[in-house]
Amino acid sequence: MNPKRSTSKHMKDLEIITDPNTIKVLFDKMRAIIVFKYLVNQEMTVKQLADAVNKNPGNILRHIERLKTAGLVKQVRTEETNTGIVQRFYRATAREYRLGIADMMKSDEGVKVYAKDRLSNMIQALEAYGINIPEEKMDEAINLLKNLVESENKVSAGIPITNQEFWNELPKHQQDDASWLMRDLFLLQDSEHIKARRKWSEFLRSFMQ
C-alpha cells in the first residue's frame, strides 16, 4: 500500500457553525450521522461509511461532496491498495461542532424555529429538577440562555491546541477530559461569560421550588 497524507490544516477541537446554509446541510439525517457518529471520531472511506450505514456508496459519496462543499468534511489521505485502487479517506474538520444559536435565530423561519425550539426544550426539561418557568417568562429565559450558550461557544472555540501531535495520540476520553478542563479554565476567566452565567443563575434561582 502507498499512503499519501494531506497537507491541510489539523482538525480543530471545536468549531461553531454560524452559517445558516451550513446548518441546513446538517439537517439531513444521513449527513448528520456521517459527521457526528463517524467522521468526528476517525478517518473513513466512502466504502467503509456505506457498509457502516448500510447504504449505496454512490449515495454516501453525494453526501460527502455536500459536506466537503460546506467545509464540514475534508479528504485527509489516499491509500493505494495492492490491486491499484486508490482509496480516499475523509474525516470531519473538527472534533466537535456546536450551532451558533444567535445566528440561527436571525436566519429564515425554518432555522429560526429550530433554534428557538431547542432552547425552549432545554428550559422545559428543567422541570425535572423542580424549576418551572411560566409561559410569560419563557422569552426572557430563552434570551438569557441564548446569551449564555453564545458566550461559552465564543470562549471555547478560541482555545488553541498547541501540541497537535500529542493530542492526536490521546484516546477520545482523555481528549474529552482535557478539553473540558481547559474550557472550564478559560470560561472562569472571561468576564462576558461570567456575567451571562450570573444573570442566568439568578433567573433560575427565582423559580426554584
From the square roots a ≥ b ≥ c of the eigenvalues of the alpha-carbon gyration tensor of the stretch 101-205, which class results: rounded (a/c under 1.5), prolate (a/b over b/c), or oblate? prolate
Along the stretch 71-88, Karplus-curve 3J(HN,Hα) (6.51, -1.76, 1.60; θ = phi - 60°) to the nearest Hz, with x for Gly and Pro, reads x, 9, 9, 9, 7, 9, 6, 10, 9, 8, 7, 5, 8, x, 7, 8, 9, 9
Taking R0 as 22 Å and r as the Cβ-Cβ distance between GLU65 and TYR114, the FRET efficiency 1/(1 + (r/R0)^6), rounded to the nearest 0.05, comes to 0.35
What label, among [x] 114; [y] 164; [z] 150, belongs to volume of the Cα convex hull per residue in Å³ computed from the structure on display? [z]
So who's got an amide H within less than 5 Å of the one on GLY100, skipping anything under 5 residues away but keeping other chains? H placed 1.01 Å off N, in plane. ILE17, THR18
Which ³J(HN,Hα) values, rounded to whole Hz and listed in residue order, are derived for the stretch 155-167 from phi using the Karplus coefficients 6.51, -1.76 and 1.60 in 6.51 cos²θ - 1.76 cosθ + 1.60 with θ = phi - 60°, glycine and proline given as x? 5, 5, 6, x, 7, x, 9, 8, 10, 5, 5, 5, 4
Relative contact order in percent for the chain (Cα pairs under 8 Å, 6+ apart) equals 23 percent
So which residue, out of ASN82, ASN147, ASN41, gets the largest mean-square fluctuation from a GNM of the chain using Cα contacts under 10 Å as springs? ASN82
On full extension of the chain, what length is gained from ASN82 through GLN189, given 0.36 nm per residue of separation minus the C-alpha to C-alpha distance? 33.1 nm
Karplus (6.51, -1.76, 1.60) ³J(HN,Hα), θ = phi - 60°, over the stretch 27-41, in Hz, Gly and Pro reported as x: 5, 6, 4, 5, 5, 5, 5, 4, 6, 7, 8, 10, 6, 6, 9
In this structure, among LYS12/LYS106; LYS29/LYS195; LYS68/LYS154; LYS24/LYS146; LYS68/LYS106; LYS112/LYS154, pairs with alpha-carbon gaps over 31 Å are LYS29/LYS195
Name the residues whose placed amide hydrogens come within less than 5 Å of the amide hydrogen of VAL76, ignoring near sequence neighbours (fewer than 5 apart) on the same chain. PHE89, TYR90, ARG91
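Most exposed first by the Cβ proxy, i.e. fewest other Cβ within 10 Å, how do LEU99, LEU170 rank? Could the numbers behind the result be given before it?
Numbers: LEU99 19, LEU170 12.
In order of increasing Cβ crowding within 10 Å: LEU170, LEU99.
No value in this document is a laboratory result; all are computed from the given coordinates. On a predicted model such as this, the values are computed, not experimentally measured, just so you know. Cβ atoms come from the backbone with ideal geometry, glycine included; neighbour counts cover every protein chain shown.
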